[in-house]
Amino acid sequence: MSTDRDSIGFDIEEAARKTMLDNGFLADFGPEVLAAAEATPPREPRGADAVRDMRKLPWSSIDNDESRDLDQVEVSERDGDRIRVRVAIADVDLLVPRGSPTDEHAGHNTTSVYTGVVIFPMLPERLSTDLTSLNEGVDRRALVTEMLVDAAGEVVEADVYRALIHNHAKLTYEEIGAWLEGGERPASLDAHPDLVDQVKMQDEAAQRLRALRHRRGALVLETIEARPVTVDGKVVDLALVQKSRARELVEDFMIAANGAVARFLEGRGIPNIRRVVKAPERWERLVALAAELGETLPAEPSSLALAGFLRRRRTAAPETFADLSLSVVKLMGPGEYVVEKPGEESDGHFGLAAQDYTHSTAPNRRYADLVTQRLVKSSLAGAPLPYTEEELVLLARRITERENAAKKVERQMRKVAAALFLSSRIGERFEAIVTGAASKGTFVRLLHPPAEGRVVRGAEGLDVGDKVVVELVDTAPARGFVDFACVEGPKPTLPPPAG
């Protein structure tokens, strides 16, 4: 059994690096990558470099306060009862050409990895937080996805083109979210009064887009995302990432832009990488969970039926909706990247109720988005495609595998942080929800604090979604082990049969 001494001298940042290496990632940039990044000059537009000059539009970004790798900025304007939304995405390909040392590193890892204690960026910081970031107060070249959103939330027109833009204000989720939800106007908007109506208009367009998705069966989910809070290398808390209307605004725009880019490439007959989430692998368990709550789901998967069930549960039991959402996410199974060839139909994205969906809005952080950007740019230029179909298939498999590995790293580091945080609480009891039940073990997430661990005693008969009471029996920070004993299992929803 562990004691407080197990956490003394434990280097959680070194543990993050080791976990990266153990999962096949490059934890550091090689000297040739760093040299290439340092030698990269800013690329200013020149005469033959035809892009639209859109710097005078009131572009702004909304992101985390600590974010420095800004992939996107937004702007909107009214067109009668319609709203024209423009989403500008950093032209990362401009400074990260295919086959360069920087591209080789990015293609190996394929994603930035966020461990909660250390960020392992896909691109060197000279690029991702400077030259390829749409930072406030600088001119940058970008790919713009322009969408005309009608009153019903339908994107009735869309276009993609290259542009020169200027981010006039870096806004944050926290301040804008609080303001949109009825709080005081933040100082950042006092400094940019022209953005007050602009952001409100963006929020209106986002609400239209979101409402239409929900009518079509997009799932309403409220998952709990915890991150470790560290001070001088010691985990002092597990903090929740709070959803807000500002986060939803950006999410709505990114979903719409990703759909528009997918249709742009499809319309030009260009094979491209799609992000798909198939129908839930364990639909029968979702049917059983609904039945336990007095609801009925059809025998065959239906996003529309599941979305309706979730909306009703959010209204009926908001205090437990995050736990139900977690169960649904776990039972749906992972997403993946696949190649859609001209004339073929993809599986679509079950959770978003979207048939056409790619990833294009985060090329600083995801390699799939950088690949998509290169496909779009080659099409706009009338140039040969940068990838063959066979290369795209191999890339899709690689990116899917690395994404799963990144999630494994992030889960492991959450466990390491939780083990450190809980190491002084052996013997305490907690309410929890079962998040995994398979041959490799049964796992739970505590309701407070939101830590995860394995049930090493009393796991028999437990399944995803069950509410239980567990006792903390051991922690092992170096391995990320948090062990529980189930001391109170789920109560039966039906009386046992007579006799």
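The values are calculated or read from the model by the stated rules, or taken from the named source; none is laboratory data. In this text the structure is predicted, and so the values were computed from the model without any measurement. Ideal geometry is used to build each Cβ from the backbone, glycine not excepted, and the neighbour counts take in all protein chains shown. Protein only, heavy atoms only, side chains kept; ligands, DNA and RNA dropped before computing areas. Shrake-Rupley method; radii C 1.70, N 1.55, O 1.52, S 1.80 Å.
Annotations for the structure displayed:
- A DSSP coil position with no more than 16 other Cβ atoms inside 10 Å describes the following GluC sites (Glu not before Pro) in region 256-304: E281, E295.
- Relative to the longest principal axis of the Cα atoms of the chain, the long axis of helix 194-215 lies at roughly 60 degrees.
- Efficiency of FRET from Cβ geometry, R216 and E345, R₀ 25 Å, rounded to 0.05: 0.90
- Extension gain for E66-R479 works out to 145.8 nm (0.36 nm per residue, less the C-alpha to C-alpha distance).
- 17 Å cut-off, amide nitrogen to a point 7 angstrom out along K408 Cα→Cβ, residues in region 314-349: 334-337
- The calculated 222 nm mean residue ellipticity attributable to helices in the chain amounts to -11000 deg cm²/dmol, summing -39500 (n - 2.57) over DSSP H runs of n ≥ 4 and dividing by all residues.
- Coarse-grained scattering of region 174-226 at q = 0.17, 0.25, 0.29 Å⁻¹, given as base-10 log I(q)/I(0) from a Debye sum over alpha-carbon atoms: -0.70, -0.98, -1.08
- Tilt relative to the chain, helix 245-267 - C-alpha long axis, 0 to 90 degrees, to 10: 60
- For the chain, the solvent-accessible area with a 1.4 angstrom probe is 45 square angstrom per residue.
- Identified option (computed semi-axes √(5λ) of the Cα gyration tensor in Å; candidates [x] 39, 28, 23; [y] 56, 26, 23; [z] 42, 21, 20): [x]
- DSSP bridge pairs, the chain: antiparallel proportion in percent, nearest 5: 85
- To the nearest ten degrees, helix 321-332 and the longest principal axis of the Cα atoms of the chain are 80 degrees apart.
- In units of the compact-protein estimate 2.2 N^0.38 Å, region 124-199 shows a Cα radius of gyration of 1.36.
- Cα coordinate range in region 76-214, projected on the principal axes (Å, largest first): 48, 35, 32
- Extension gain for S100 to E154 (0.36 nm times residue separation, less C-alpha to C-alpha distance): 15.4 nm.
- Charged neighbours of V144, selected by a Cβ distance under 9 Å, balance to +1 (K, R count +1; D, E count -1).
- Charged neighbours of S60, selected by a Cβ distance under 11 Å, balance to -3 (K, R count +1; D, E count -1).
- Taking Cβ atoms as reference points and 14 Å as the exclusive limit, the residues near D347 contribute a net charge of -2, counting Lys and Arg as +1 and Asp and Glu as -1.
- Here D463 and E401 are evaluated by their C-beta separation; at R0 = 41 Å the FRET efficiency comes out at 0.90.
- Less than 5 angstrom separates the built amide H of V487 from those of V469, V470, E471, all sequence-distant by 5 or more or on a different chain.
- Q242/E281 FRET efficiency (R0 35 Å; Cβ-Cβ; nearest 0.05): 0.75
- Of the peptides 439-446, 269-276, the order by per-residue mean of other Cβ atoms within 10 Å, starting with the highest, comes out as 269-276, 439-446.
- Loop-located GluC sites (Glu not before Pro) in region 106-170, at most 16 other Cβ atoms within 10 Å (DSSP): E154
- Accessible surface of the chain [probe 1.4 Å, protein heavy atoms]: carbon and sulfur percent: 49
- Working note: Karplus 6.51/-1.76/1.60 with θ = phi - 60° gives region 115-122 the couplings 8, x, 10, 9, 9, 10, x, 6 Hz, where Gly and Pro are set to x.
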